[in-house]
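Contents: one structure, followed by commentary.
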Amino acid sequence: MIDITLPDGSVRAYDSGITAMEVAKDISEGFARNVISAKFNNTTIETSTELTTDGNLVLYTWKDAEGKTAFRHSTSHVLAQALEELYPGVKLSIGPAIEDGFYYDVDLGDETISEKDFPAIEKKMLEIARGKHDFTMRSVSKDEALDKYRTEGNEYKVELIENLEDGTITFCDHDTFTDLCRGGHIPNTSLIKAVKIMSVAGAYWRGNENNPQLTRVYGTSFPKQKELKEYLELLEEAKKRDHRKLGKELQFFTFSQKVGQGLPLWLPKGAALRERLEQFLKKAQKKAGYEMVVTPHIGQKELYVTSGHYEKYGEDSFQPIATPAEGEEFLLKPMNCPHHCEIYNSGPWSYRDLPKRYAEFGTVYRYEQSGELHGLTRVRGFTQDDAHIFCTPDQLDEEFKKVIDLVLYVFGSLGFENFTAQVSVRDLDNPDKYIGDVDNWEKAENAIINAAKDKGLDYVVETGEAAFYGPKLDFMVKDALGRSWQLGTIQVDYNLPERFDLTYKGSDNEMHRPVMIHRAPFGSMERFIAILLEHTAGNFPLWLMPEQAIILSISEKYEKYAEKVLNLLENDEIRALTDHRNETIGKKIREAEMNKTPYIIIVGEQEEENGTISVRKHGGEDLGALTVTKFSEMISEEIKKTLKPFNG
């Protein structure tokens, strides 16, 4: 007999040799019908794998990320079989699952695949899937595996196998198809009901431009046709909301090849938007006891050697800047924290002075590869809403919880209501990835977990996602399209205070090390604005909009009245502008709608006579005639609903 422990902690005894699927059926026949993959003792297995030792079993359905991974990876095998049948002589290389789909890299020889070929590939894949072929794993010797692919003339698989240890090599079979594979499949092909080839692209073998270029075929799959349809509709909506498209249309930012890749240029409207976000956070930070600081855009290389950033990220940073002085080198600032450590070091501190909370909208620079740059979400120069809190160990819990409150206030004010918290801890199997004392790591991780519990956060623990100097609490936010983004991070750090020899005098008159909290509710201004653009489709909360209203006069005769209305609104601190262009009122309204202007005010003879304005809301709702005072009150009330004061 063996004991199988399930995720709820319950333990069930079974005969040795029972499969994961048989355990699922023992739990519930209905549940078993939905199980598509499994893990045993944290190792991915097949649902048909026999269990012969005690262990922890997790069973996954389509609703789980792991289930989707197994489903998409299995579909990549079906794609590979379809390509072999449609393109005889094709050489397969690798075909992993990726977010929302899968790909397979293949060498087509003289053949090519274009969009016109997608329907035929999809048809062949569904034909194979309907055969209800089981996915089965088998172990093979290294010689046997090499012999198979050398016979086929597949140098890509041969290279992969040559780098594997004998005794660790497995093949996956389904129908007449066999592929080199480590495992992790759904029970059979019939679960695949909907497939879509998304695109093709070139990809160098193993990512090396000196190697042959293969054809990468991207696809996605679902257990229901309805889900595929919904996914494709979501992609269309995402295209409309793409921040690069909206940023250009709304005139927020641009890029210039002469300035350089990944270095955004903020246009007046975008700069004003950034300024409002900065002032919003600065106001909340002031109530929370933060002090604003300013640090240079560069620092001596030695600064980042001390912090450990150069050792970990030096190769990915901009290269050192040499000066006329011999041996003197500077780096473009990749992080703000070393500078803030030196600000703390500028004076002696007592426990009575702590906590010290330094905040800065500091611009940093990192050399991202050109192929990884993407609009504002992946850039080479970006501004972090950074702050670092230096506190005593006794103050850590309270300070950490206060930062959580600030992050939640930011999310609430900007309409991010659907989120989970992720406690990112170190990977105990890879200690070389991290710096610092093990005891301090344990204290820091426990502090974050306890704070998350006490604040009632819905959180998960992710191993291996910690920063190199400390664990962190990341906030994973879902946008209006259901996509998950990491926004806002809080980190506990015992290591930089040690490396920078930071001290304070305790009540015992002895010198002690402070604990350091890193935090950035926005993360970076660039990425945050990109995500906010896509989340709202450019319809920001009213308090944040570049223009809250636009005033359109029916003709030149009423332009003076329009200016009078504008002055009254500006006196009430409402951001408005007038449009006196010689265009039809219909065209002006259409353009105001395209610019996402929340309120369109129209004035003419009747409005001037009655001292009113005609108000139309973005989207077409007619609010009728209002006095300017009534309109201002309405705007004020709407802002109050979304922008409540931070209580600190």
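Read the figures in this text as sums done on the coordinates, not as results from a lab. If you're wondering where the values come from, they're calculated on a predicted model, not measured in any experiment. Cβ sites come from the backbone with ideal geometry, for glycine too, and all protein chains shown count toward neighbours.
Whole angstrom only: what separates the Cα centroid of region 585-648 from the Cα centroid of region 307-372?
Their Cα centres are 46 Å away from one another.
Working from the pairwise distances between different alpha carbons, so that the mean of 1/r is found and then inverted, what is region 180-237's Kirkwood radius in Å?
After inverting the pairwise mean of 1/r, the radius is 14.0 Å.
Taking every eigenvalue of the Cα gyration tensor of region 542-642, multiplying by 5 and rooting it, what semi-axes result, largest first, whole Å?
Over the Cα atoms of region 542-642, the ellipsoid semi-axes are 20, 16, 12 Å.
What are the membrane-span-like helices in the chain by this rule: whole DSSP H runs, Cα extent along the axis at least 27 Å, mean Kyte-Doolittle hydropathy at least -1.0?
65-86
Which of CYS337, GLN300, ALA288 sits farthest toward the positive end of the charge dipole of region 238-367, with +1 on the Cβ of Lys and Arg and -1 on the Cβ of Asp and Glu?
Result: ALA288, furthest along the dipole toward the positive end.
Please compute the net charge surrounding MET292, taking Lys and Arg as +1 and Asp and Glu as -1 over other residues with Cβ under 15 Å from its Cβ.
After counting each charged neighbour, the total is +1.
Under the definition of Cα pairs under 8 Å and six or more residues apart, what whole-number percent is the relative contact order of the chain?
9
Output the peptides 322-329, 71-78, 84-91 sorted from most to least packed, where packing is the average of other Cβ atoms within 10 Å over each peptide's residues.
71-78, 84-91, 322-329
Can you give me the orientation-averaged projected area of the convex hull built on the Cα atoms of region 68-238, in nm²?
10.0
Give me the Kirkwood hydrodynamic radius of region 281-536, using the inverse of the mean 1/r over all pairs of distinct Cα atoms, in Å to one decimal.
With all distinct Cα pairs of region 281-536 included, I get 19.0 Å.
Given C-alpha coordinates of region 515-561, what is the ratio Rg to Rh with the Kirkwood estimate of Rh?
Checking Rg against Rh, the ratio lands at 1.32.
Of ILE321, ILE635, ALA203, whose Cα points farthest to the positive end of the dipole of the chain (charges on the beta-carbon: +1 Lys, Arg; -1 Asp, Glu; origin at the Cα centre)?
Checked the options; the winner is ILE635.
Determine, for each peptide in 244-255, 586-597, the mean count of other beta carbons within 10 angstrom over its residues, then list the peptides with the highest first.
With the highest mean Cβ count within 10 Å placed first, the list reads 244-255, 586-597.
Sorting check: for 610-618, 470-478, which peptide has the highest mean count of neighbouring beta carbons within 10 Å, and how do the rest follow?
Going by the mean number of other Cβ atoms within 10 Å, highest first, we get 470-478, 610-618.
Where does the charge balance sit around ILE404 when Lys and Arg score +1, Asp and Glu -1, over other residues with C-beta under 14 Å from its C-beta?
-1
From zero up to wherever the largest Cα-Cα distance of region 337-488 sits, split into 10 Å bins and tell me the percent of pairs in each.
Per 10 Å bin, starting at 0, the Cα pair percentages come out as 9, 30, 41, 18, 2, 0.
In Å and whole numbers, how far do the C-alpha atoms of the chain stretch along each principal axis, longest first?
88, 74, 60
Rounded to the nearest 500, what is the 222 nm mean residue ellipticity of the chain from helices alone, with -39500 (n - 2.57) per DSSP H run of 4+ residues and division by all residues?
Helix contribution divided over all residues of the chain: -10500 deg cm²/dmol.
Past 29 Å, Cα to Cα: identify those pairs from LYS148/LYS226; LYS63/LYS641; LYS258/LYS333; LYS226/LYS617; LYS258/LYS587, in the order given.
LYS148/LYS226; LYS63/LYS641; LYS226/LYS617; LYS258/LYS587
Placing +1 at every Lys and Arg Cβ and -1 at every Asp and Glu Cβ, with all other atoms neutral, what dipole size does the chain have around its Cα centre, in debye to the nearest 20?
Magnitude of the dipole: close to 1960 debye.
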